[in-house]
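Bear in mind these aren't lab numbers, they're just calculated from the coordinates by the rules spelled out. Since this is a predicted model, take the numbers as computed values, not measurements. Neighbour counts run over all protein chains shown; Cβ positions are idealised from the backbone, glycine included.
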Amino acid sequence: MRFDIRYRLAFEYRNVVRHSQNELRACPLTDDHQMLLSYRVASSPMARVHGFTDYWGTRVDAYGIREPHVAVEIVAESAVETRQRPLTVASPSMAQLADPEFTDIHAEFLAPTRHTERGERTVACAAEIRARGEIDVVSLVLDIHRRVHRSVTYESGSTDIGVTPDDVLRGGRGVCQDYAHLAVALCRELGVPARYVSGYFFAADDATGAAVVGDSAEVQTHAWFEAAIPGAGWLALDPTNALAVGERHVAIGRGRDYDDVPPIRGVYAGAAAATLDAGVEMRLLSTASSSPDQPLPLHQQVQQQQ
């Protein structure tokens with residue numbers, strides 16, 4: 001699939017601020033499953049934008065407004081082409097998770113973080129999944145994917161970014177980043193390296209993954225997770241809507257949790273309170289190489305990617 005994407009953020013301040021500095025992460029990645037065709041960023045008031053790639057491989061656009069202002073708007077426009085993910089049957093044993101070379105390579109994605117910390121409910125949930133008995137790694141990750149989807153009801157505005165996986169399990173409500181954080185936390189608790197992915201999702205409804213009617217949609221940034229499968233690479237799953245990640249997903253960045261790939265982060269000098277209005281418009285340009293996303297197949301499949 002080929003998409004044009006327009007991501008707009010607008011800050012408004014109640015009083016004049018002296019200057020502001022921000023970092024934007026909005027540029028789609030180029031990897032085995034998608035290719036960035038074009039990208040540009042513009043701000044108002046005008047500012048020089050410095051682009052660089054961070055430790056996690058995500059494009060970061062840093063910009064500062066050095067004159068007094070009461071509002072800032074930044075627009076990132078991109079064109080990207082996504083591809084079908086090659087799938088193969090894989091069933092590595094749980095014992096392979098303990099291979100020293102595997103754990104060393106994925107050490108950063110095994111340790112708990114601020115948004116994926118261990119808690120009583122998370123540990124208990126992982127124990128219930130483990131209690132099924134000896135299964136292979138892919139089956140375990142699929143169990144986690146299904147369990148997270150069943151355990152959380154999508155409710156916009158029900159949580160803040162600082163909630164823990166235990167908070168999500170306790171409340172039973174959340175949004176996409178909560179599903180992703182809970183899935184990552186459960187994977188790590190069970191010894192499976194996992195990472196958080198931020199991006200865009202071309203869907204009429206994040207909660208269900210319903211297809212868009214027409215060729216354009218107003219969406220928000222989205223999140224899902226990827227689990228490392230020994231000998232097979234990363235398995236990408238979207239627990240919010242119980243789908244395997246497909247051509248309608250466009251990845252921006254990957255990291256240990258949200259803190260490694262926030263869409264926007266910044267500071268300003270002044271006493272004013274700030275409000276943020278953000279939105280994403282996705283337009284489908286071509287479906288020549290596409291097929292619709294389907295619910296995750298019952299047989300074990302994993303993408304061939306390291």
Nearest 10, in degrees from 0 to 90: the angle of helix 120-130 to the longest Cα principal axis of the chain is 40
Can you pull out the GluC sites (Glu not before Pro) in the stretch 43-151 that DSSP calls coil and that have at most 12 other Cβ atoms within 10 Å? 134
Helix axis angle, 137-151 relative to the chain longest principal axis, alpha carbon, degrees: 60
Let me understand the chain better: what is its radius of gyration from the alpha carbons, and its Dmax, in angstrom? 19.7, 62
Per residue, what volume in Å³ does the Cα convex hull of the stretch 123-279 take up? 127
Percent of alpha-carbon pairs separated by more than 20 Å within the stretch 120-199: 26
Taking only the C-alpha atoms, wrap a convex hull around the stretch 1-92 and report its volume per residue in Å³ as a whole number. 130
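Which FRET efficiency value, to the nearest 0.05, do you get for residue 269 and residue 6 by plugging their Cβ-Cβ distance into 1/(1 + (r/R0)^6) with R0 = 35 Å?
Details: r = 29 Å, r/R0 = 0.84.
The value I calculate is 0.75.
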Provide the gained length on full extension for the span residue 150 to residue 132, in nm with one decimal, where the gain is 0.36 nm per separating residue minus the Cα-Cα distance. 4.8 nm
Over the Cα atoms, compute the radius of gyration (one decimal) and Dmax (the largest Cα-Cα distance, rounded to a whole number) for the stretch 74-121, in Å. 18.0, 48
Tell me, rounded to the nearest percent, the portion of alpha carbon pairs in the stretch 91-147 spaced more than 13 Å apart. 69
Expressed as an acute angle from 0 to 90° and rounded to the nearest 10, what is the orientation of the C-alpha long axis of helix 176-189 relative to the principal long axis of the chain? 40
Run the numbers for residue 283 and residue 216: contour at 0.36 nm per residue of separation, minus the present Cα-Cα distance, in nm. 23.7 nm
Considering the stretch 164-224, what Rg and Dmax in Å follow from its alpha-carbon atoms? 13.6, 42
Pop the C-beta distance of residue 91 and residue 114 into the FRET formula with R0 = 41 Å and round what comes out to the nearest 0.05. 0.75
Starting from the Kirkwood radius over alpha-carbon pairs of the stretch 1-50, derive D by Stokes-Einstein at 25 °C in a medium of 0.890 mPa s and give it in µm² s⁻¹. 177
